[in-house]
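A.B. asks: Provided herewith is a single structure, encoded as structure tokens, for subsequent inquiry.
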Amino acid sequence: MTKDEDPGNRAKLPLIVQGEASLFDFDRKKVWRDTVRNTLLAILFVLAGLFAVSVPASAHHGNASYDYAKTITVKGTVTQWVWLNPHCLLKFDVKNDKGEVEHWVTEASSPVDMLRIGWSSTVLKPGDEITIDVMPSKNGVAVGRIRQVTLSDGTVLKATTRNTI
């Protein structure tokens with residue numbers, strides 16, 4: 001083995017052999033183009049992800065389906081009081097004029113807001129008889145926003161907070 005062939009003497013080995021490709025032989029324009037393309041694709045994916053998250057968040061607070069100018073009062077029986085974010089839900093059954101049972105679902109504000117105005121997770125239980133003032137939906141479906149609930153003992157629970165009308 002000659003001194004030029006000795007792997008321990010790398011300084012004397014040629015990096016590029018005449019007529020052959022090298023690890024260091026590359027097209028700078030192609031590398032730049034690929035880098036820019038990959039960066040733009042990464043930015044595009046981040047923006048698409050942010051958009052996908054923001055659309056449901058903004059859609060969540062749409063109240064256009066409720067008739068703010070109207071309040072209906074119904075008497076019913078609580079079937080479920082759901083104490084969860086983002087809104088508490090009160091499910092109850094009402095007998096309509098024909099004697100048929102209608103299943104209502106009404107929403108209130110968040111549990112934190114409801115605590116501030118005197119509500120709790122145990123204030124309503126299945127079987128409780130209530131009278132409820134509801135901001136109804138515009139399309140006549142048995143859903144709405146709670147304005148206030150009157151319990152059978154006469155206790156009135158207002159559902160108006162800083163975030164609702």
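The values are calculated or read from the model by the stated rules, or taken from the named source; none is laboratory data. Just so you know, these numbers come straight off a predicted model, no measurement behind them. Cβ sites come from the backbone with ideal geometry, for glycine too, and all protein chains shown count toward neighbours.
A.B. asks: Search segment 121-148 for residues being touching a residue at least 24 places away in the same chain (Cβ under 8 Å) and among the small types (G, A, S), and hand back the single one that is surrounded by the most Cβ atoms within 10 Å (Cβ to Cβ).
C.D. replies: G144
A.B. asks: Of all residues in segment 92-115 being of a type in the set (G, A, S) and either out of contact with any Lys or Arg (no Cβ under 8 Å at 6 or more places or on another chain) or at pLDDT 95 or above (or both), which is surrounded by the fewest Cβ atoms within 10 Å (Cβ to Cβ)?
C.D. replies: Pass one, segment 92-115, residues of a type in the set (G, A, S): 99, 108-110.
Filter once more, so that each one left must be either out of contact with any Lys or Arg (no Cβ under 8 Å at 6 or more places or on another chain) or at pLDDT 95 or above (or both): 99, 109-110.
Details: G99: 6, S109: 22, S110: 16.
Looking at residues that are of a type in the set (G, A, S) and either out of contact with any Lys or Arg (no Cβ under 8 Å at 6 or more places or on another chain) or at pLDDT 95 or above (or both), I get G99.
A.B. asks: Report whether or not L50 is modelled with pLDDT of 60 or more, more than 30 Å from V156 (Cα to Cα) and under 21 Å from the mean Cα position of the chain (by Cα). Can you show your working first?
C.D. replies: Numbers: modelled with pLDDT of 60 or more: yes; more than 30 Å from V156 (Cα to Cα): yes; under 21 Å from the mean Cα position of the chain (by Cα): yes.
So L50 fits the description; yes.
A.B. asks: Within 29 Å of the chain's Cα centre (by Cα), surrounded by fewer than 14 Cβ atoms within 10 Å (Cβ to Cβ) and not in a strand (DSSP E or B): does that describe G118? Walk me through how you get there before you give the answer.
C.D. replies: Numbers: within 29 Å of the chain's Cα centre (by Cα): yes; surrounded by fewer than 14 Cβ atoms within 10 Å (Cβ to Cβ): yes; not in a strand (DSSP E or B): yes.
The answer is yes for G118.
A.B. asks: Then there is this: I'm told K98 meets every condition in (1) within 17 Å of V143 (Cβ to Cβ); (2) of a type outside the set (G, A, S); (3) over 26 Å from the mean Cα position of the chain (by Cα) except one. Can you identify the failing condition by its number?
C.D. replies: (1)
A.B. asks: Just name the residue that is surrounded by the most Cβ atoms within 10 Å (Cβ to Cβ) out of those in segment 64-91 that are part of a loop (DSSP other than H, G, I, E, B) and touching a strand residue (DSSP E or B) at 6+ places or on another chain (Cβ under 7 Å).
C.D. replies: C88
A.B. asks: Can you tell me which residues in segment 92-109 are touching a Ser or Thr at 6+ places or on another chain (Cβ under 9 Å) and assigned to a loop (DSSP other than H, G, I, E, B)?
C.D. replies: A108, S109
A.B. asks: If only one of K158, K98 is out of contact with any Cys (no Cβ under 9 Å at 6 or more places or on another chain) and in contact (Cβ under 8 Å) with a residue 40 or more places away in the chain, which one is it? Don't jump to the end; show me each part of the working.
C.D. replies: Details: K98 fails: in contact (Cβ under 8 Å) with a residue 40 or more places away in the chain.
Every option except K158 fails the conditions.
A.B. asks: Another question, if that's okay. What residue, among those in segment 149-165 that are farther than 14 Å from C88 by Cβ and of a type in the set (S, T, N, Q), is surrounded by the most Cβ atoms within 10 Å (Cβ to Cβ)? Write out each step before concluding.
C.D. replies: Filtering segment 149-165 for residues farther than 14 Å from C88 by Cβ gives 150-156, 162, 165.
Still in the list and also of a type in the set (S, T, N, Q): 150, 152, 155.
Numbers: T150: 16, S152: 10, T155: 10.
Result: T150.
A.B. asks: Give me the pairs, please: first residue somewhere in segment 79-90 and under 18 Å from L157 (Cα atoms), second residue anywhere and part of a loop (DSSP other than H, G, I, E, B) and among the aliphatic types (A, V, I, L, M), beta-carbon distance under 6 Å, and either six or more positions apart or on two chains.
C.D. replies: W81/L124; C88/A108
A.B. asks: A follow-up question, please. When you go through D128, D133 one by one, which is the residue that is modelled with pLDDT of 95 or more and within 18 Å of N63 (Cα to Cα)? Spell out how you get there, then give the answer.
C.D. replies: Numbers: D128 fails: within 18 Å of N63 (Cα to Cα).
None of the others qualify; the one that does is D133.
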